[in-house]
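Worksheet: one structure, shown below.
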Amino acid sequence: MADLTHFTLSEARDGLRARDFSARELTEAHNAAIERARPLNAMALETAEHALSMADTADQRIAKGDGGLLEGVPLAIKDLFCTDGFRTTAGSHILDTFVPPYESTVTANLWREGAVMLGKANMDEFAMGSSNETSYFGPVENPWRRPGDNRPIVPGGSSGGSASIVAARAALAATGTDTGGSIRQPASFTGLVGLKPTYGRCSRWGIIAFASSLDQAGPLTRTVRDAAIMLSAMSGHDPKDSTSANLPVPNFEAVLGGDVKGLRVGIPSEYRMDGLPAEIDALWQQGIRWLEDAGAETREVDLPHTKYALPAYYIVAPAEASSNLARYDGVRYGLRVEGDDLIDMYERTRAEGFGAEVQRRVMIGTYVLSAGYYDAYYLQAQKVRTLIARDFQTAFEGVDVLLTPTAPSEAFATGDKSDDPIAMYFNDVFTVPASMAGLPGISVPAGLSQAGLPLGLQLIGKAFDEEMVLRVAEALEDAAEFNAEPDTWWETST
Amino acid sequence: MSLDKATVSRIARLARIRVADEDLERLGNELSNILGWVEQLNEVNTDDVPPLTSVVEMQIPQRRDAVTDGAYRDKVLGNAPESEEGFFVVPKVVE
Amino acid sequence: MIEGATGRWEIVIGLEVHAQVVSEAKLFSGASTAFGAEPNAQVSFVDAAMPGMLPVINETCVEQAVRTGLGLNAEINRHSVFDRKNYFYPDLPPNYQISQYKQPVVGEGMVTVDLEDGSVCEVGIERLHLEQDAGKSLHDQHPDATYVDLNRAGVALMEIVSKPDLRNADQAGAYIRKLRAILRYLGTCDGNMEQGSLRCDVNVSVRKPGESLGTRCEIKNVNSVRFVQQAIDYEARRQVDILEEGGEIEQETRLFDAERGVTRSMRSKEEAHDYRYFPDPDLLPLVLSEDYIEAIRADLPELPDQKKTRFVESLGLSEYDAGVLVTEKEVADFFERVADGRDAKTASNWVTGDLFGRLNDAGQGIAESPVSPENLGGLIDLMADGTLSGRLAKEVFDEMFTSGRPASAIVEERDLKQVSDTGEIESLVDTVISDNADKVEEYKAGKDKLFGFFVGQVMKASQGKANPKVVNDILREKLG
């Protein structure tokens, strides 16, 4: 039954509905694949038994003909989503014993639609990272390796476990979260589709917060259609999240299967930055031609404040994180390291419980909010953010969607950038601007680098216009015909 | 911007993260590098530009005043490192 | 003013009053605000700051803040912002408090305060903002541990900040009482200081008259008017003593020790506070429309000042009595029910005189009064129609207070009804005159003072029930 892991999500869904196979069979195949994929270290928790019981429920519902959008579809859940009764760690030592007594809205939506939980995916600690090397549970490996080279490659981050497990065909799709690129960049690194919806589209309730004004849940999938199906299931208004948009959820899958004739695609000239590898630029130009060949018009647009998005992000996100992560103090849940007194307990708990990158960002965030520095750093960054949002608004007066590279490089080897925070931060240079403006973005696998690793292209849309993003993404996907798969080295490595 | 050890120490204290004395300098350098890099924002003229308050254009939603939550003490205390008689327990606080 | 060795010093006082908003649920969660529950029994995952939890604001709390702002004659800000105030404390689960910093929901206002000596002072309101209460830390349950109860964590508070317009402890006390009355009239805070629904932070500094403001100390969490006044007196004297010895006042937070009546420096003195306020990214700005504000304004109840004016101007009460009656909304309501359709001054005399006297002796409030307003009104009616004399009425009132029964039932049962029948009284008068022939002679000879003797004798013969006026009239007629 190994073939059952080679479907796309939509194929599996159709097969389940047609009773070609049962949810139990599908889930068993994926449970087994997850077990074989352990060398990737992509999962923080496997929930095989639970998956089977969910699958049995799904089979009963399918038998009655009343299954949901994802009935019987096995998924991996980033370990940032709180799951009732299942340990949720955010990749951190400080939460490595935490078992939430509640279910995040997004995962609750998925279960309502019949999805099956295979387990919790490893991730960068508190979603802070671009290589999935900051997890307390160890780095995640990318299933992709350079041909002829056994060095481990990073899957990107922070949703690295989600990306890796889907790319390894051990889950049909996974949830991720994207604060500055944490879905799109790993999608690009692992040859997947990664969609960050508009801020407010998916509820943040029950997702462990990194930077509240930026965090947004989204899917990592093998195809654009799969992303559309997942988004329909994940999104929706949630009265428990004050920033959740009170909008109806379109049937995103219904917009697919059309064409892009006459659509206007903007090419932001500022993304053509110094030092952009030639092969990335070449792929981008290829993307432009693909869309033109499909009947779209392309035109240059200006986003003048693009270069400031990344530094502004590295003020705003750490500032919010410094406050969001203050609750991990050893009092109500999670790790406690005893000390001489209360403050000593706090300080030891947080020093031991947080990894180096989290500590760095909490300290940066504390500093930029502190007396005397607030105006120069935080306030200035939020003003720059207004300018970035205005840039996009102006650009979208003349175009329907923007096309850019997803990341400035292919996936790199484990350890290559972990000593240089700023070099690591540059991974998100193309994804952060849309995050800062709250706009939807998608990464579509578009080709392989010369070294044989996947590369993605990004589409950015207007707020709450995921339908347009998905339409154009499908055209890009059709043109790119990306169907490469990594060698299954991990299957034989143990 | 270069952070001296005293500043790093003060920030660490505010953030309630214990930093060993021998690590202050290294951490100071790391933080200084990042701050030095983000300071390029000073190039941007933001006169008369309001800070962004929210990326979503909507009214703050308000909940009805009704008791709809709470009353599950066991769940609230279930993950606590230390609890006693229904209370969370922490090292003695002196006021 | 206080007298020091180097002359007179002026005390400058500003108050930050934390008033718990009357609401069913907390400011940002659906957990109950009820007082006195088992520890941590009224705590939602939001209140406990569990990972991934988010705040959603309670519409009633917003409305209460706006209503209070209007009641304080204050500016309502159309656009306000919720900020995070970051500091670590075990009864503050997220280790930040959601509050309002630069853009509060209510701006400047004014409260008129009546002082004991009959004078009036105006106290400026700087601002009012909404914020979350913290939980409760119990330090005395265990020798080396603090117990934390989060039931209060997240309950809505209004912080009402006065301008530094107060100059002595009496003014401060009068201001708090007035503020409390306004809040209770508005129904936005129950003002219960024992349960902590109203707490004060007191800012005190001293200066020589005419000089600029001195360095202030903040005395935290004082929970009764008396303690506020004691704390001010102690703190002002402490500061004057330091300054007169050539010392300097250190700006700091102090605690009031109620047992010893002193203020003391907090032992756990934090390194300089740096709250790192920034707008809470989990919430959007609070935008209020003109229509919304006007609808609340239109719905405001009559407030103490307006009520007092009406009592004086329409009901003819004295300023003093009106002032006493409006201090507590319940008293004013009680009075108005007594006065309904009756003489207002009589009603006021009964309420502020006999009723208050008995309640005071019994240590009871108006809410516990055994005499209902209807029953007190009934008593007044029995006086008005001549059924009861003033003396009998007092007797009846005493019994009403003891038994809680209506006046009419007591009069009926004890047969206290006043006798006004002239025939009956005439025969009593005749008996008294014939029994006291000698006194009648003396009276007729000019000893006018004896008239009272005859009245007394007739009243005695009637067992106190004869209508004194009728007795008088008949006696005058018979004695010539």
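The values are calculated or read from the model by the stated rules, or taken from the named source; none is laboratory data. Note that the coordinates shown come from a computational prediction; the quantities given were computed from them, not determined experimentally. Cβ sites come from the backbone with ideal geometry, for glycine too, and all protein chains shown count toward neighbours. Accessible surface is based on the protein model in full, side chains and every heavy atom, while ligands, DNA and RNA are left aside. Shrake-Rupley method; radii C 1.70, N 1.55, O 1.52, S 1.80 Å.
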Dimensionless Rg ratio for segment A:361-494, taking C-alpha atoms and the 2.2 N^0.38 Å reference: 1.32
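If you take the accessible area of B alone, add that of C alone, and subtract the area of the pair, what total do you get in Å², probe 1.4 Å, to the nearest 100? Provide the component values of the computation, followed by the final result.
Details: alone 9660 and 23950 Å², together 29520 Å².
So the total buried area for this chain pair works out to about 4100 Å².
My understanding is that a pair violates if its Cα-Cα distance is over 22 Å; which of C:Lys417/C:Lys469; C:Lys417/C:Lys444; C:Lys85/C:Lys220; C:Lys394/C:Lys417; C:Lys220/C:Lys329 do that in this structure? The partial results should precede the final answer.
On the way: C:Lys417/C:Lys469 15 Å; C:Lys417/C:Lys444 33 Å; C:Lys85/C:Lys220 17 Å; C:Lys394/C:Lys417 13 Å; C:Lys220/C:Lys329 28 Å.
Over 22 Å apart, Cα to Cα: C:Lys417/C:Lys444; C:Lys220/C:Lys329.
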Segment C:301-414 - convex hull of the alpha-carbon atoms, volume per residue in Å³: 98 Å³
Two-site FRET efficiency, B:Ala66 against C:Met266, from Cβ-Cβ distance with R₀ of 41 Å, rounded to 0.05: 0.60
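Segment C:284-342: which GluC sites (Glu not before Pro) are DSSP loop and have at most 15 other beta-carbon atoms within 10 angstrom? It would help to have the intermediate numbers written out before the result.
Working: sites: C:Glu290, C:Glu294, C:Glu302, C:Glu313, C:Glu319, C:Glu328, C:Glu330, C:Glu336; in loops: C:Glu302, C:Glu328.
Loop-located and lightly packed - C:Glu302.
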Volume per residue that the Cα convex hull of segment A:302-422 spans, once the total is divided by residue count, Å³: 161 Å³
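Within 12 Å, Cβ to Cβ, of A:Gly236, how many net charges do the neighbouring residues add up to if Lys/Arg are +1 and Asp/Glu are -1? Could the numbers behind the result be given before it?
Working: positive: A:Arg112, A:Arg201, A:Lys240; negative: A:Glu113, A:Asp238, A:Asp241.
My count for the surroundings of A:Gly236 gives 0.
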Rounded accessible area of C:Arg264 (nearest 10 Å², 1.4 Å probe): 80 Å²
Estimated 222 nm signal from helices in the protein assembly as shown, with DSSP H stretches of n ≥ 4 weighted -39500 (n - 2.57), rounded to 500: -11500 deg cm²/dmol
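Over 30 Å between Cα atoms: which of C:Lys178/C:Lys208; A:Lys417/A:Lys462; A:Lys307/A:Lys462; C:Lys136/C:Lys178 fall into that group?
Working: C:Lys178/C:Lys208 28 Å; A:Lys417/A:Lys462 33 Å; A:Lys307/A:Lys462 20 Å; C:Lys136/C:Lys178 28 Å.
Beyond 30 Å: A:Lys417/A:Lys462.
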Computed P(r) (all Cα pairs; segment C:400-445; 5 Å bins; percent): 5, 17, 14, 13, 12, 10, 9, 10, 7, 3, 0
Degrees, to the nearest 10: B:21-38 long Cα axis against longest axis of chain B: 70 degrees
With Cα atoms, 0 to 90° folded angle of helix B:5-14 axis to chain B main axis: 20 degrees
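For the pair C:Gln251 and A:Ala371, what calculated FRET efficiency results from E = 1/(1 + (r/R0)^6), where r is the Cβ-Cβ distance and R0 = 22 Å, to the nearest 0.05?
Numbers: r = 15 Å, r/R0 = 0.68.
E between A:Ala371 and C:Gln251, to the nearest 0.05, is 0.90.
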For A:Leu303, distant residues with modelled amide H under 5 Å away: A:Ser269, A:Glu270
Lys, Arg +1 and Asp, Glu -1 on Cβ, resulting dipole of chain C about Cα centre, debye, nearest 20: 420 debye
In sequence order, calculated HN-Hα J values of segment A:437-454 (Karplus, 6.51, -1.76, 1.60; Hz; x Gly/Pro): 9, x, 8, x, x, 9, 10, 10, x, 10, x, 10, 6, 4, 7, x, 10, x
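Over all residues in C:23-35, what is the mean tally of Cβ atoms on other chains that come within 10 Å of each residue's Cβ?
On the way: counts 3, 5, 8, 5, 1, 2, 6, 9, 7, 6, 3, 1, 0.
Shielding by partners across C:23-35 averages 4.
Rounded to whole Å and sorted largest first, what semi-axes of the equivalent ellipsoid does the C-alpha gyration tensor of chain C yield via the square root of 5 times each eigenvalue?
On the way: eigenvalues 684, 148, 89 Å².
Those come to 58, 27, 21 Å.
So for C:Arg84, C:Arg476, C:Arg152, B:Arg10, what's the accessible-area order with a 1.4 Å probe, most first? It would help to have the intermediate numbers written out before the result.
On the way: C:Arg84 0, C:Arg476 135, C:Arg152 50, B:Arg10 95 Å².
So, going from the largest accessible area down, we get C:Arg476, B:Arg10, C:Arg152, C:Arg84.
Hand me the chymotrypsin sites (Phe, Trp or Tyr not before Pro) from segment C:377-480 located in a DSSP loop with no more than 13 other Cβ atoms within 10 Å, in residue order please. Before the final figure, lay out each step's value.
Details: sites: C:Phe397, C:Phe401, C:Tyr443, C:Phe451, C:Phe453, C:Phe454; in loops: none.
Within segment C:377-480, no chymotrypsin sites (Phe, Trp or Tyr not before Pro) qualify (loop, at most 13 other Cβ atoms within 10 Å).
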Order of exposure, largest accessible area first, which applies to A:Lys383, C:Lys26 with probe 1.4 Å: A:Lys383, C:Lys26
Built amide H within the under 5 Å cut-off of C:Asn95, gap 5+: C:Tyr89
Distant-in-sequence amide H partners of A:Glu46 (H built 1.01 Å from N, under 5 Å): A:Lys120
Rounded to the nearest 10 Å², the accessible area of A:Thr306 at probe 1.4 Å: 20 Å²
Accessible-area composition of chain C, carbon plus sulfur, in percent [1.4 Å probe]: 46 percent
Counted charge near C:Glu442, where neighbours are those whose Cβ lies closer than 12 Å (Asp, Glu -1; Lys, Arg +1): +1
For peptides A:308-314, B:14-20, sequence by mean Cβ density within 10 Å, most packed first: A:308-314, B:14-20
Residue-normalised accessible area of segment A:208-319, given per residue in Å² at a 1.4 Å probe: 34 Å²
Karplus 3J(HN,Hα) series, Hz, for segment C:34-46 with 6.51 cos²θ - 1.76 cosθ + 1.60 (x for Gly, Pro): 4, 7, x, 7, 4, x, 6, 8, 10, 10, 8, 4, 5
Threshold 20 Å², segment A:169-216 residues less accessible with all protein chains present than alone (1.4 Å probe): A:Tyr199, A:Arg204, A:Trp205, A:Ser212
Shielded residues, segment B:80-95 - accessible-area loss of 50 Å² or more between chain alone and all protein chains, probe 1.4 Å: B:Pro81, B:Phe87, B:Phe88, B:Val90, B:Pro91, B:Lys92, B:Val93, B:Val94, B:Glu95
Debye intensity ratio I(q)/I(0), log10, chain A, q values 0.08, 0.09 Å⁻¹ (C-alpha model): -0.43, -0.55
Phi to ³J(HN,Hα) by Karplus 6.51 cos²θ - 1.76 cosθ + 1.60 over segment C:128-136, Hz, x for Gly, Pro: 9, 9, 8, 7, 8, 7, 9, x, 10
Gyration tensor over alpha-carbon atoms, segment C:422-479, equivalent ellipsoid semi-axes in Å: 18, 11, 10
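Working from the pairwise distances between different alpha carbons, so that the mean of 1/r is found and then inverted, what is the protein assembly as shown's Kirkwood radius in Å?
Details: mean 1/r = 0.0300 Å⁻¹.
The Cα-based Kirkwood calculation yields 33.3 Å.
In segment A:12-66, what GluC sites (Glu not before Pro) fall in a loop by DSSP, with at most 10 other Cβ atoms inside 10 Å? Write out the running numbers ahead of the final one.
Numbers: sites: A:Glu25, A:Glu28, A:Glu35, A:Glu46, A:Glu49; in loops: none.
Hits after loop and neighbour filter: nothing returned.
What's the local net charge at A:Leu455, with K and R +1, D and E -1, over the other residues with C-beta under 10 Å away? Each step should come with its number before you reach the end.
On the way: positive: none; negative: A:Glu279, A:Glu410.
Net local charge, A:Leu455 excluded: -2.
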Inter-part distance where segment C:84-153 and segment A:435-469 are each reduced to a Cα centre, Å: 47 Å
